[in-house]
Amino acid sequence: TDAQTGLSWLRTRLEARTDMFTTSFAQGGYSTRACTSFMDWHGPNTDAAGSNFAVTGRLLPTSSFYNDTLRDDIFDAIADLVQQNGIVMNMMIGGGQVARNDPHHNETSVNPLWRSSLAVPNTGAPFPLDFTKSDLDRARYEAWSSMRRLRSLTPDGAYFNEANYFEPNWTTTFLGPHYDRLLQVKDDVDPERVFTCWQCVGGTRG
């Protein structure tokens, strides 16, 4: 499939840069390695609850890989992330059933860009365990800044669960064309904003 072809190309390019998988992330005590499968990366243990890492990410549309120049620019942007931050936390894979579900984009609130995306690279910046607010703001800003180049090469789309605190144009980036409809629902069922959060529908930045 187109998604498999694009991923195979991306993986080949990344594997050719073996230094990416062995670079030590001294500041946060992290390192990177190549994994052959999800379970190889994840292992048998349950996930830890949270980490001292401010994250950010971007949806990569499959169509971006049809253009050789754009495809090379995206690879270079990902390479920059690895060299700048020492890590790409993970590369979630799109396509497959994700692409086949909700073909008319009206059954869920998911940003429709998910349905045509190849992958979702996530990265970020660490902050100390005994952090202050300024430490957290610095990490959030560094994470946001690190994604500037990749953001300029892709349409507005990111994974809401691993979003950056300062994500620009967040209503479109997280929810696409669904935001206005979701805001109407929010106004109907919770007009007093009893339930609210930062960058949620009708929330702090709403």
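Within the option set T204, T173, being of a type in the set (S, T, Y), in contact with a helix residue (DSSP H, G or I) (Cβ under 9 Å, 6 or more places away or on another chain) and either surrounded by 16 or more Cβ atoms within 10 Å (Cβ to Cβ) or part of a loop (DSSP other than H, G, I, E, B) (or both) holds for one residue only, T173.
Yes/no per residue for (1) modelled with pLDDT of 85 or more; (2) part of a helix (DSSP H, G or I); (3) in contact with a strand residue (DSSP E or B) (Cβ under 6 Å, 6 or more places away or on another chain):
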{"position": "A49", "(1), (2), (3)": "no, no, no"}
{"position": "D72", "(1), (2), (3)": "yes, yes, no"}
{"position": "A77", "(1), (2), (3)": "yes, yes, no"}
{"position": "L81", "(1), (2), (3)": "no, yes, yes"}
{"position": "I87", "(1), (2), (3)": "no, no, yes"}
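Residues of region 158-170 that are open to solvent by less than 50 Å² (accessible area, probe 1.4 Å) and assigned to a loop (DSSP other than H, G, I, E, B): A158, A163, N164, E167, P168. If a residue must be free of Cβ contacts under 8 Å to residues at least 40 places away in the same chain, over 29 Å from T62 (Cβ atoms) and among the basic types (K, R), how many such residues does region 111-152 contain? Final tally of qualifying residues: 2. Does Y30 count as at pLDDT below 85 and in contact with a strand residue (DSSP E or B) (Cβ under 9 Å, 6 or more places away or on another chain)? Yes.
For region 91-101, state whether one or more residues are in contact (Cβ under 8 Å) with a residue 40 or more places away in the chain, open to solvent by less than 50 Å² (accessible area, probe 1.4 Å) and more than 15 Å from T62 (Cα to Cα). Looking for residues that are in contact (Cβ under 8 Å) with a residue 40 or more places away in the chain, open to solvent by less than 50 Å² (accessible area, probe 1.4 Å) and more than 15 Å from T62 (Cα to Cα), one finds none in region 91-101, hence no. Only one entry of R140, R115, R149, R181 meets the criterion of being under 28 Å from A77 (Cα atoms), touching a Ser or Thr at 6+ places or on another chain (Cβ under 9 Å) and either part of a helix (DSSP H, G or I) or open to solvent by 40 Å² or more (accessible area, probe 1.4 Å) (or both), and that entry is R140.
The values are calculated or read from the model by the stated rules, or taken from the named source; none is laboratory data. Being a predicted model, the structure only gives us computed values, none of them experimental. Every residue, glycine as well, gets a Cβ built from its backbone with ideal geometry; the counts of neighbours run over all protein chains shown. SASA here: full protein model, heavy atoms, side chains in, ligands and nucleic acids out. Shrake-Rupley method; radii C 1.70, N 1.55, O 1.52, S 1.80 Å.
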